[in-house]
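Notes follow once the structure below has been shown.
Derivation of every value follows stated rules applied to the coordinates shown; laboratory data play no part. What you are looking at is a predicted structure, and each value in this text was computed from that prediction instead of being measured. We place every Cβ from the backbone using ideal geometry, glycine too, and count neighbours over all the protein chains shown.
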Amino acid sequence: MKNNFLFFVWFLMTAFGCGSPGGHRAPVEQSGVTVRNTKTLPAEAGEAGETVPVMKITEWDLELKTEHMERARRHMESLIKQYEAMITRENESTFGNRKQIEWEVRVPSDKAEAFVEDIRRAEEWEVVRSNLNVRDVTDSYMDMQTRLRNLRKLEERYTEMLKTAKTTADMITVEKELNRIRTQIERLEGQMARMKNRVDYTRVHIFLHEDIMAMPSFFARLKTAFTDGWRLFQELVLLVARLWLVGLTVFLLVLWWRWHKRRQAAKAGMADHSHPHSGSSST
């Protein structure tokens, strides 16, 4: 009889203990949940009366060639400003006979198509290459949202268990598990926020280049030679003008040296003529 009573008590605890903290957990409800900056999404695709928004990550790669780099740069910067795009990376460099600028910009997805179309129609450059990459992340986002919803339900259950914990050891165990769950929730929310940001803003990589230092024609080089010769002649004249005092001093020194040499030569000739007369008078 006693064994039957104990069995009956155990049966009641098993049947009604699902609501207690340590009892059997009821299955988590499958309902929509709203994440910041994200529309309300259903837990499962295909539920009656609910639709699943398509989430796509779009990326563009554009290669442009121009003959007027500065004009092309100004036009590109005006387009970036016009479409409220954010420049995440900009790099300008020169390799050999090529000058190039790279931009990586994030454009609001609802304006990205018009932004790329304006780039294609611009007269400041020629479109050499245009690549579009689209990746559907709807399923991945839905999966993360389901995991997030379940983790939040689990967080609520452990919070209730913490309130009803009887011993210090139980409290420590529950708090440790609760902290682990909350860490997973924060990490998952960060992943979802980054994914949604990539959906809301289209990445556009722009590569603009100009070929420089091309070999000119013969007549162009001949014109350059005449121009350089005339420029060199002007520099020489200006140099002489700057050194006029030095030139005048050198000129005067040369005149004095020549006069001095003629005077010495004249004295030497007069001395030679005076020696014969001196000999005849002594005789």
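Charging the Cβ of each Asp and Glu at -1 and of each Lys and Arg at +1, and nothing else, the dipole of the range 157-272 about its Cα centre rounds to 600 debye.
Pairs exceeding a 31 Å alpha-carbon distance, out of Lys153/Lys196; Lys99/Lys223; Lys56/Lys176; Lys166/Lys196; Lys81/Lys196: Lys56/Lys176; Lys166/Lys196.
As a proxy for reagent exposure, ranking Leu252, Leu62, Leu162 by other Cβ atoms within 10 Å from fewest up yields Leu252, Leu162, Leu62. Remark: the Cα gyration tensor places the range 78-215 in the prolate category, a/c being 1.5 or greater and a/b exceeding b/c. Computed packing ranks the peptides 188-199, 171-182 as 188-199, 171-182, most packed first, by mean other Cβ atoms within 10 Å.
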